[in-house]
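Colleague: Just dropping this structure here.
The values are calculated or read from the model by the stated rules, or taken from the named source; none is laboratory data. Source: prediction; values computed, not measured. Every residue, glycine among them, receives a Cβ derived from its backbone with ideal geometry; neighbour counts consider all protein chains shown. SASA here: full protein model, heavy atoms, side chains in, ligands and nucleic acids out. Shrake-Rupley method; radii C 1.70, N 1.55, O 1.52, S 1.80 Å.
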Amino acid sequence: IKSVISAFRQALPAAAIYVYANNSTDDTARLAAAAGAIVRHERFLGVGVAAYFASKALPLAGLGLLQTTALALGVHLRAGPQVPFAPHGALLAATHMAATFLGLLLSALVDSAEKAVTSMILVVVPQLLLADAFIELRGATRSLAAVLVVCHAAYDGVKSLLPADLLATPGPNGR
């Protein structure tokens, strides 16, 4: 490891040298860091970025499609034909994929499962609070949430597809 990093340094003195440690049992990460490389960690042995992403995104997309279809169908059956199935299903599926990719991004940016779980809590709670569903947002906060918060866009999208009389029914928060 040290000799390879040294050779790269000689050939490309201004380059940033990255070493990806994939949970192997050797001292790759420690040796690479000691040689001055930037070390990134992969939690799965022998799995590259594309394979890791596919191994996570594809099953999650399938599960999400089933869940969002069931939810959209349940809402459609309960509310009747005034709530269109296809647009709600598509909106929920798009929201699920955006949230899945956000979760995968957070998972890829940290080097342990504990940090991944903690970062998800730090991202999911604000997503729920800033969705404008439980707490009414106003002014700059509403504008910022509309741009940065996936749940806010999804909530607005769902509301735009519902008929006015259904929206007029007060929910648990009185709105």
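Colleague: Restricting to the range 148-175, give me the number of residues that are more than 21 Å from T68 (Cα to Cα) and either open to solvent by less than 50 Å² (accessible area, probe 1.4 Å) or in contact with an Asp or Glu (Cβ under 7 Å, 6 or more places away or on another chain) (or both).
Modeller: Qualifying residue count for the region: 2.
Colleague: Quick check on A145: is it open to solvent by less than 40 Å² (accessible area, probe 1.4 Å) and out of contact with any Lys or Arg (no Cβ under 9 Å at 6 or more places or on another chain)?
Modeller: Details: open to solvent by less than 40 Å² (accessible area, probe 1.4 Å): yes; out of contact with any Lys or Arg (no Cβ under 9 Å at 6 or more places or on another chain): yes.
Yes.
Colleague: Please verify whether the range 48-61 includes one or more residues that are modelled with pLDDT of 85 or more, over 30 Å from K2 (Cα atoms) and surrounded by fewer than 14 Cβ atoms within 10 Å (Cβ to Cβ).
Modeller: Residues of the range 48-61 that are modelled with pLDDT of 85 or more, as a first pass: 59-61.
This time we only want the ones that are over 30 Å from K2 (Cα atoms), so: 59-61.
Okay, now just the ones that are also surrounded by fewer than 14 Cβ atoms within 10 Å (Cβ to Cβ), so 59.
Yes.
Colleague: Something else now. Check L73 against each of (1) open to solvent by 70 Å² or more (accessible area, probe 1.4 Å); (2) more than 30 Å from A164 (Cα to Cα) and name the one condition it does not meet.
Modeller: Condition (2) is where L73 drops out.
Colleague: Of the residues that sit in the range 117-131 and are in contact with a Cys (Cβ under 7 Å, 6 or more places away or on another chain) and part of a helix (DSSP H, G or I), which one is nearest to L105 (Cα to Cα)?
Modeller: In this case the residue turns out to be Q127.
Colleague: Restricted to the range 77-96, and to residues that are assigned to a helix (DSSP H, G or I) and open to solvent by 50 Å² or more (accessible area, probe 1.4 Å), which residue is nearest to C151 (Cα to Cα)?
Modeller: Filtering the range 77-96 for residues that are assigned to a helix (DSSP H, G or I) and open to solvent by 50 Å² or more (accessible area, probe 1.4 Å), the one nearest to C151 (Cα to Cα) comes out as A94.
Colleague: Only residues that are closer than 21 Å to A93 by Cβ and in a loop (DSSP other than H, G, I, E, B): list them for the range 145-175, please.
Modeller: Within the range 145-175, V149, L162 meet the criteria.
Colleague: Which pairs have Cβ atoms under 7 Å, sit 6 or more apart or on different chains, and link a residue in the range 132-144 that is closer than 15 Å to A154 by Cβ and in a loop (DSSP other than H, G, I, E, B) to one that is open to solvent by 50 Å² or more (accessible area, probe 1.4 Å) and among the basic types (K, R)?
Modeller: So the pair list comes out as D132/R142.
Colleague: Scan (1) in contact (Cβ under 8 Å) with a residue 12 or more places away in the chain; (2) part of a helix (DSSP H, G or I) for the single condition G36 breaks and write down its number.
Modeller: (2)
Colleague: Does V83 count as more than 30 Å from A29 (Cα to Cα) and in contact with a helix residue (DSSP H, G or I) (Cβ under 6 Å, 6 or more places away or on another chain)? Before you say what the answer is, go through the steps one by one.
Modeller: Working: more than 30 Å from A29 (Cα to Cα): yes; in contact with a helix residue (DSSP H, G or I) (Cβ under 6 Å, 6 or more places away or on another chain): yes.
Judged against the criteria, V83 is a match.
Colleague: Name the single residue that is surrounded by the fewest Cβ atoms within 10 Å (Cβ to Cβ) among those in the range 99-119 being at pLDDT 80 or above and of a type in the set (S, T, Y).
Modeller: T118
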